[in-house]
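Have a look at the structure below before the remarks.
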Amino acid sequence: MSPPGGPKGEYPSAKREGTPVSETSGSRTGGEVLADALLLHRVDRAFAVCGESFLPLLDALHDRPQLRLISCRHEAGAAVMAEAAAKLTGRPGVCLVSRGPGLCHATIGLHTAFQDSTPLVMFVGQVPRHYAGREAQQEIDYRRMLAPLAKFVTEIDQVERIPEIVHRAFRTASSGRAGPVVLILPEDMLEDSASVADCPPTKAESSTSRSTSATRRPVRRGSFHPR
């Protein structure tokens with residue numbers, strides 16, 4: 001399957017927004033494309049409660065040891081740890097959770113990131129695309145549910161669009177007033193294969209994420225003494 005925008009795999013939105021598009025040869029699964037996109041955006045750790053809804057991504061991360069996957073015992077803990085890591089590093093924290101109850105537990109960390117303006121990118125497993133709209137396997141309309149808690153919520157329904165949407169997610173999480181972004185991953189989409197070009201961040205975007213931690217100031221706690 002050829003990527004949209006021609007044989008070079010240049011996405012129309014990438015052309016409009018000035019997104020750099022690099023050529024990648026060979027076919028990859030959706031999980032592999034996503035794992036490579038995370039590495040391109042300087043993600044060196046992610047927090048997760050591993051679930052069957054994103055097994056292809058877990059397989060791809062297992063083959064990429066430079067990204068440390070930290071297995072947590074509860075989705076709320078995974079989200080809070082990702083949010084804390086973002087505050088400490090100045091780069092968007094990354095969290096992976098399963099659909100339904102898993103995401104519901106993780107909304108605690110989403111709310112914290114939204115209130116504290118912390119850059120966070122959360123990936124949520126979703127039912128296969130042919131089950132969409134049938135209320136199967138704990139399906140939830142994430143766009144409606146998470147609209148008050150995130151800057152941007154969308155579902156990636158094609159392998160070819162993974163690099164483009166991941167690039168937008170990291171840029172949105174870090175730009176303006178920083179905050180959380182949620183990307184929904186249909187299980188069968190991660191299993192599909194395609195020849196896809198990567199969309200690495202620009203130098204300006206990389207420097208912006210590095211400077212985020214420098215602009216944060218520690219909060220001083222103590223008694224209030226009116227002057």
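What the table shows:
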read-out	value
Computed lengthening from Arg64 to Thr154, 0.36 nm per intervening residue step minus Cα-Cα distance	29.8 nm
Under-5 Å amide H pairs with Leu96, H placed in peptide plane, nonlocal only	Phe47, Ala48, Val49, Phe123
Karplus-derived 3J(HN,Hα), 6.51/-1.76/1.60, for each residue of region 90-105, Hz, glycine and proline x	x, 10, x, x, 10, 9, 10, 9, 7, 6, x, x, x, 5, 4, 5
Span per principal axis, largest first, for the Cα atoms of region 25-206 (Å)	40, 37, 27
Distant-in-sequence amide H partners of Asp192 (H built 1.01 Å from N, under 5 Å)	Gly30
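Read the figures in this text as sums done on the coordinates, not as results from a lab. All figures in this text were calculated on a predicted structure; none of them were measured in a lab.
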